[in-house]
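Worksheet: the structure to be examined is printed underneath.
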Amino acid sequence: MSFDYLILGAGGAGLNIWDIIATLFFFLLLMALLKKVAWGPLMGIMTQREELIASEIEAAENSRQESQRLLEEQRDLLKEARTEALAIVENAKKQGEASREDIITTARTEAARLKESAIREIDTEKERAIAAVRQEVVSLSVLAASKVLEKEVSEEDNRTLIEATIAKAGEVN
Amino acid sequence: MEHKNPEFVFLGMHGNWSNILMLAVTTLIVFLIAYIATRNMKLKPTGMQNFMEWIMDFVKGIIKSNFDWQTGGRFHILGITLIMFIAVANVLGLPFSISYDGVLWWKSPTADPTVTMTLAVMILLLTHYYGIKMKGLKEYGKDFLKPLPFLLPLKIIEEFANTLTLGLRLYGNIYAGEVLLGLLAGLATSSAFGFVGAIIPAMAWQGFSLFIGGIQAFIFVMLTMVYMSHKVSTDH
C-alpha cells in the first residue's frame, strides 16, 4: 500500500491553478448571489423586526404614560366634581335657609299689615255706623218734633214724648 | 484505497475535476439552502427562516467577540457565507464517496489542500487589504513594529504561519476524517466479518466527523475574524 497520496501535492502535478481559480470563483459567486437573494433580504427583515420591536416598546411606553396621565386627570376631575357637588349642596342648603327666613318674614309682615288694615277698616266702619246712627237720631228727633208740633198734644204728652225721645237718643249715644 | 485524482491540464495549468465538481455541488447546496430558507420571510419567523437567523446571529456573535459591530458589521456576509460553505463542504464527503475506475470523484472539497489553502490565502489577503484600507498604509506598516521593533521578523513569519495553519488545519481534519472513513469502508467491503466489525465504528466516526465538520467551519470563521480584527482594530 502506498501512502504517496497522503503527501501534499502528491501526484507530481504541481500546483492546481484551476482548482484555485474554481475555489475563488465559486466562493465569490456564492457570496455575491447570496448577498443579493438571501443575506440582504434576511438582514433587512431582521433590522425591520428590530425597528418594529423598538417602536412597539416605545409605543407601549407612550401609551402607558398616556393612560397614567389620563388616570391622573380623571382622578383630579373626580375630586373636583366631588368638591363642586358638596359646594352646590351647601349652597342650596344655605339658599333654602335664606329663602325660608325670607318667606317667614314676608308672611309675618303681610299678616301684620292685614291685621292693621282690618283694624283700621273696623274703626272706619264703626265711625261710619255711629255717624249714621247720629244722623238717624237727628232725623228722628226732627220727625218727633214735627209730629209733636202737628199733633198739638197735651203738655203732658209732649213732655213725655220729648223725654222719651231724648232718652232714646241718649241711649243711642 | 489508492485513488487517483481526475486531473487535467488546460492552458498549461493543472486542475482537478473532482475538486471543481465538488465545489460546484457545495455552492449549489449552500445556495439552495439559503435561497429556500429566505423565501416568504416574515417578521415573525418560522421554520427555515429561524435556522438562517440563528446562523446569522451566531456569526454576529463571533464577530462581536472580536470587533465592535460598527467595524465588524461589514464582514457579516463574508462570515455567514464562509461558515455555511465550509460546513457544507466538510459534510459532503461523509455519507459516501464515489470513485469510478480508480478515480475519486465525490469527496469533501475541503479534503484537498489546494482548496483550503486558497480559502486561507484569500482570507489573509483580505485582512491585509482591510488593514490598509481602514487604517492607512502607515499605521498598517507600524503594526509590524509593535509591540517591539526587533520582533519584525516574527511578525512577518506570523503572517505566513497564520495562513498555513488556517488552511492546513481545515484540510487535515477533513482529510483525516475521510481517510479513516475510507479505511472503514474498505474493511466493511472486504468480508462479512469485516462488515459487522466496521459498521459500528463507521457510524460513530461519521457522527464524529459531522461534529468536526461543524467545529472546523466555526474555527475557520472565528480565526478569520480574529486575524481580521488584529489587522483592522487600532487597539492591538
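B:Leu126 meets the conditions (1) over 22 Å from B:Gly72 (Cβ atoms); (2) open to solvent by less than 60 Å² (accessible area, probe 1.4 Å) in every case but one. The failed one is (1).
No other residue among B:Lys146, B:Lys142, B:Lys64, B:Lys44 is facing chain A (nearest Cβ under 9 Å) and open to solvent by 40 Å² or more (accessible area, probe 1.4 Å) apart from B:Lys44. The set of residues in the range B:128-155 being in a helix (DSSP H, G or I) and over 19 Å from B:Val232 (Cβ atoms) consists of B:Pro149, B:Phe150, B:Leu151, B:Leu152, B:Pro153, B:Leu154.
So that you can scan it fast, the table gives a plain yes or no per residue for (1) within 7 Å of chain A (Cβ to nearest Cβ); (2) in a helix (DSSP H, G or I); (3) among the basic types (Lys, Arg); (4) under 18 Å from B:Phe218 (Cβ atoms):
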{"position": "B:Asn19", "(1), (2), (3), (4)": "yes, yes, no, no"}
{"position": "B:Met22", "(1), (2), (3), (4)": "no, yes, no, no"}
{"position": "B:Val25", "(1), (2), (3), (4)": "no, yes, no, no"}
{"position": "B:Ile36", "(1), (2), (3), (4)": "no, yes, no, no"}
{"position": "B:Phe58", "(1), (2), (3), (4)": "no, yes, no, yes"}
{"position": "B:Gly73", "(1), (2), (3), (4)": "no, yes, no, no"}
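Only a single criterion out of (1) under 15 Å from the mean Cα position of the chain (by Cα); (2) open to solvent by 40 Å² or more (accessible area, probe 1.4 Å); (3) of a type outside the set (Gly, Ala, Ser) is not satisfied by B:Phe193, namely (1).
The rows are residues; the columns are (1) farther than 28 Å from B:Pro45 by Cβ; (2) more than 14 Å from every other protein chain (Cβ to nearest Cβ).
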| position | (1), (2) |
| --- | --- |
| A:Glu50 | no, no |
| A:Ser55 | no, no |
| A:Ala60 | no, yes |
| A:Gln65 | yes, yes |
| A:Gly96 | yes, yes |
| A:Ser99 | yes, yes |
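Within the range B:172-181, can one find any residue that is touching a residue at least 40 places away in the same chain (Cβ under 8 Å) and either surrounded by fewer than 16 Cβ atoms within 10 Å (Cβ to Cβ) or closer than 27 Å to B:Ser65 by Cα (or both)? Among the residues of the range B:172-181, at least one is touching a residue at least 40 places away in the same chain (Cβ under 8 Å) and either surrounded by fewer than 16 Cβ atoms within 10 Å (Cβ to Cβ) or closer than 27 Å to B:Ser65 by Cα (or both), which makes the answer yes.
The values are calculated or read from the model by the stated rules, or taken from the named source; none is laboratory data. The structure displayed is predicted, hence computed values, not measured ones. Neighbour counts are summed over all protein chains in view; Cβ atoms, including those assigned to glycine, are modelled from backbone coordinates with ideal geometry. Just the protein is used for accessible areas: all its heavy atoms, side chains included, with ligands, DNA and RNA removed. Shrake-Rupley method; radii C 1.70, N 1.55, O 1.52, S 1.80 Å.
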